[in-house]
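One structure below.
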Amino acid sequence: MALFPLQANFRGDFVVLLIPVDDGDDMSIVADKVAQHAVGLRVAEKSAPKCVYYNGRELPSSMTVAQSGIQPMDWIEVAYV
Amino acid sequence: MPKLQRRDYYDIARDMNWAFSYVGEDEVFPEELSKSFGIHGEQWWGWDEPYKLTYREYVHNQAGKDDGIYSIRSTIARSNLYDNLDAGWKSAIKAHYGAIPVPEYFASIGEARMARFGRAAAWRNMATFGTLDECRHGQAQIYFPYCLLGKDPQFDWAHKAMHTNEWGVIAARSLFDDMFTANDAVSTAIQLTFTFETGFTNLQFLGMASDALHVGDIEFGALISSIQTDEARHSQQGEPTLKIMINNGRKAEAQKMVDQMFWRSWKLFALLTGISMDYYTPLESRTMSFKEFMQDWICRQFMDQFKDLGMNVPWYWEEHFLPELDWVHHAYHMGVWFWRPTVWWNPDAGVSAAERDWLEQKYPGWNDRFGKLWDVIGDNVRTGQIEKTYPATLPIVCNCCHIPICSPSIGKAPRITTHNGRKLNFCCEVCEWVWKSQPERYDTHLSIVDRFLAGHIQPPTLEGALQYMGITPDVAGNDAQAYAWNGASRLAAE
């Protein structure tokens with residue numbers, strides 16, 4: 001378990017953010033950590049599941065950061081499904 | 001004894017050029033400070049400019065102008081004119097005062113370098129006046145806000161800002177160091193005087209002076225007008241330098257320098273002037289949108305220059321620059337407002353119902369891209385959830401322009417690349433091109449996010465970042481209108 005900085009933005013927001021996650025976090029937790037800095041602050045909240053996109057593909061919600069191949073300070077996008 | 005007419009003596013008295021015999025040209029004009037671009041000696045001696053000013057005239061004219069602006073300052077100090085200015089306009093001048101006066105001193109270093117290492121006597125003469133201009137501009141633009149310190153501590157940042165690591169200051173200092181504080185004489189003439197001053201600030205100062213008078217800020221208007229007339233003169237060092245480069249087969253090198261610095265200047269210009277024009281200037285005082293100003297003044301000016309001198313428009317003009325006119329400063333504005341504790345002025349949201357109508361009219365699609373984000377912010381203000389209108393993390397900044405990486409559309413990734421094992425982030429293809437065109441010049445400079453990740457900012461929290469940036473509670477920005485825009489916005493929606 002180690003701190004793992006990412007670049008991320010929530011789809012529809014206007015800016016890329018520095019988001020610290022943990023390499024043991026799964027994608028549902030990562031999505032929540034990104035959303036926490038955008039949804040309900042600037043992006044309208046929806047009751048819908050969220051997913052993480054990396055290199056153009058959607059990552060399974062149960063996959064951890066360590067399993068995903070994401071490197072520190074890589075860019076991910078989170079969006080409502 | 002009858003006096004000679006100036007035209008009879010000026011050129012011969014000014015043009016003290018000679019061929020060196022006791023020392024080599026490289027010793028008089030070291031490449032690092034002067035940079036020949038392979039153009040040597042007498043090839044520079046035809047350098048000329050139209051003003052042909054004497055030192056006696058300079059002192060006489062400038063003393064009169066300085067008397068004028070300091071008299072206005074002294075008179076206005078006894079009135080309540082400043083107190084009655086719109087809060088948004090106060091934000092615009094505070095942003096200006098933090099970003100510009102000390103860099104005017106930096107510019108005097110660049111001018112002094114040209115006054116010593118410029119490759120023609122006529123040029124060195126002109127640059128000597130430029131050095132004096134920039135010293136005076138620094139002094140006046142620090143003195144005026146100093147006189148307002150009793151009314152508002154944020155004016156302290158007119159002097160303090162450039163001595164801090166505030167994020168916008170890092171962006172501005174990076175640009176100004178690149179352009180003139182740490183640039184050789186020939187490149188400074190092309191990049192500072194031709195590109196930045198002729199292209200941007202000369203026209204911007206005309207516009208700002210006009211806006212100041214519209215909002216009733218006579219003091220700021222007089223100050224900026226006075227400075228603009230000096231800018232118009234000393235910016236003339238660029239064109240003759242450029243012509244000599246073109247005539248000696250160095251058009252490609254000159255074009256590249258213009259392209260690099262136009263882009264870098266544009267990004268900071270969008271941040272400072274774009275926001276001020278479209279959000280901080282009171283709606284009733286706006287004569288044109290920032291986009292219209294850019295199209296009618298800056299773009300036309302550059303197009304004319306490119307055409308007149310046989311230069312090309314920058315390679316990124318159609319694909320990158322013109323599209324950014326529609327969106328980039330709106331994104332910067334939202335960022336500055338949301339991260340408002342990190343700036344030394346109080347950002348005016350500028351999104352009342354009437355202002356939103358104006359924005360949508362000037363920038364069709366604004367409501368869909370930015371208005372709906374402001375809707376969420378407005379809802380949080382209305383429901384008393386102010387804590388949701390503040391940031392809890394840093395934005396990623398570009399390693400070239402040092403401004404947060406914003407997106408014009410959904411799903412647009414930042415450009416991530418590596419150089420000698422170092423991971424770099426760029427907001428766009430052009431910033432990446434600028435950086436990669438001189439990696440040895442930029443590689444040791446760390447962005448504020450790099451510094452955060454390297455542990456320079458302690459504690460590694462937003463509070464630690466504010467402390468690192470030198471922001472104290474008495475100057476940390478807050479909403480300029482105490483959220484009054486929000487009520488107006490809601491009434492319109494209802």
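Listed values, structure above:
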read-out: Search result, residues across region B:290-332 that are in a helix (DSSP H, G or I), among the aromatic types (F, W, Y) and over 25 Å from B:K94 (Cα atoms); value: B:F302, B:F306, B:W317, B:F321
read-out: Filtered residues of region B:280-289 (kept if under 10 Å from B:G207 (Cβ atoms) and part of a helix (DSSP H, G or I)); value: none
read-out: Members of region B:406-446 found to be of a type in the set (D, E, K, R) and over 20 Å from B:A182 (Cα atoms), listed by number; value: B:K412, B:R415, B:R422, B:K423, B:E429, B:E432
read-out: Which listed residue is more than 13 Å from chain A (Cβ to nearest Cβ), surrounded by 15 or more Cβ atoms within 10 Å (Cβ to Cβ) and touching a Lys or Arg at 6+ places or on another chain (Cβ under 6 Å), from B:P314, B:P341, B:P347; value: B:P347
read-out: Pair list, Cβ under 6 Å, 6 or more apart: region B:283-303 residue under 16 Å from B:F196 (Cβ atoms) and modelled with pLDDT of 90 or more, other residue surrounded by 18 or more Cβ atoms within 10 Å (Cβ to Cβ) and of a type outside the set (F, W, Y); value: B:M294/B:L325
read-out: Residue within region B:409-417 that is at pLDDT below 95, surrounded by fewer than 19 Cβ atoms within 10 Å (Cβ to Cβ) and within 18 Å of B:H329 (Cβ to Cβ) present; value: yes
read-out: Residue within region B:359-381 that is more than 14 Å from every other protein chain (Cβ to nearest Cβ), loosely packed, with under 15 Cβ neighbours inside 10 Å and either within 23 Å of B:D278 (Cα to Cα) or in contact with a helix residue (DSSP H, G or I) (Cβ under 9 Å, 6 or more places away or on another chain) (or both) present; value: yes
read-out: Region B:101-115: number of residues that are in contact (Cβ under 8 Å) with a residue 24 or more places away in the chain and more than 24 Å from B:F155 (Cβ to Cβ); value: 5
read-out: Single unsatisfied condition, B:K52 versus (1) modelled with pLDDT of 95 or more; (2) at positive phi; value: (1)
read-out: Helices (runs of 4 or more DSSP H) completely within region B:1-60 that count 3 or more residues being of a type in the set (D, E); value: B:25-28
read-out: Subset of region B:382-408 [exposed (fewer than 15 other Cβ atoms within 10 Å of the Cβ) and facing chain A (nearest Cβ under 7 Å)]; value: B:A392
read-out: Output for region B:177-195, where each listed residue is hydrophobic (A, V, I, L, M, F, W, C) and touching a Leu at 6+ places or on another chain (Cβ under 9 Å); value: B:M179, B:F180, B:A185, B:A189, B:I190, B:F194
read-out: Residue within region A:61-72 that is assigned to a helix (DSSP H, G or I), hydrophobic (A, V, I, L, M, F, W, C), more than 20 Å from B:A413 (Cβ to Cβ) and in contact (Cβ under 8 Å) with a residue 24 or more places away in the chain present; value: yes
read-out: Some residue of region B:320-327 being touching a residue at least 60 places away in the same chain (Cβ under 8 Å), surrounded by fewer than 17 Cβ atoms within 10 Å (Cβ to Cβ) and out of contact with any Pro (no Cβ under 9 Å at 6 or more places or on another chain); value: no
read-out: Cβ pairs under 8 Å, 6+ apart, first in region B:215-242 and of a type in the set (K, R), second surrounded by fewer than 21 Cβ atoms within 10 Å (Cβ to Cβ) and outside any helix (DSSP H, G or I); value: B:R233/B:Y51; B:R233/B:L53
read-out: Residues of region B:175-200 classified as within 16 Å of the chain's Cα centre (by Cα) and surrounded by fewer than 21 Cβ atoms within 10 Å (Cβ to Cβ), total; value: 2
read-out: Within region B:71-188, helices (runs of 4 or more DSSP H) holding 1 or more residues that are in contact with a Gly (Cβ under 6 Å, 6 or more places away or on another chain); value: B:101-117, B:121-147, B:157-160, B:185-188
read-out: Residues of region B:342-381 satisfying the condition of being touching a Ser or Thr at 6+ places or on another chain (Cβ under 7 Å), among the polar types (S, T, N, Q) and under 30 Å from B:G464 (Cα atoms); value: B:N346, B:N380
read-out: All positions within region B:452-483 that are without any contact (Cβ under 8 Å) to a residue 12 or more places away in the chain and either hydrophobic (A, V, I, L, M, F, W, C) or in a helix (DSSP H, G or I) (or both); value: B:L453, B:A454, B:I457, B:E463, B:G464, B:Q467, B:A482
read-out: Count of region B:423-437 residues which are surrounded by fewer than 16 Cβ atoms within 10 Å (Cβ to Cβ) and either without any contact (Cβ under 8 Å) to a residue 40 or more places away in the chain or of a type in the set (K, R) (or both); value: 1
read-out: Count of residues meeting criterion [at the interface with chain A (Cβ under 10 Å from one of its Cβ atoms) and either polar (S, T, N, Q) or touching a residue at least 12 places away in the same chain (Cβ under 8 Å) (or both)] in region B:410-422; value: 2
read-out: Wholly enclosed strands (runs of 3 or more DSSP E) of region A:1-60 bearing at least 3 residues within 10 Å of chain B (Cβ to nearest Cβ) and either touching a Cys at 6+ places or on another chain (Cβ under 7 Å) or modelled with pLDDT of 95 or more (or both); value: A:3-10, A:17-22
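The values are calculated or read from the model by the stated rules, or taken from the named source; none is laboratory data. Only a predicted model underlies this, so the values are computations on that prediction, with no experimental measurement involved. Quick reminder, even Gly has a Cβ in these numbers, built from the backbone with ideal geometry, and neighbours come from all protein chains shown.
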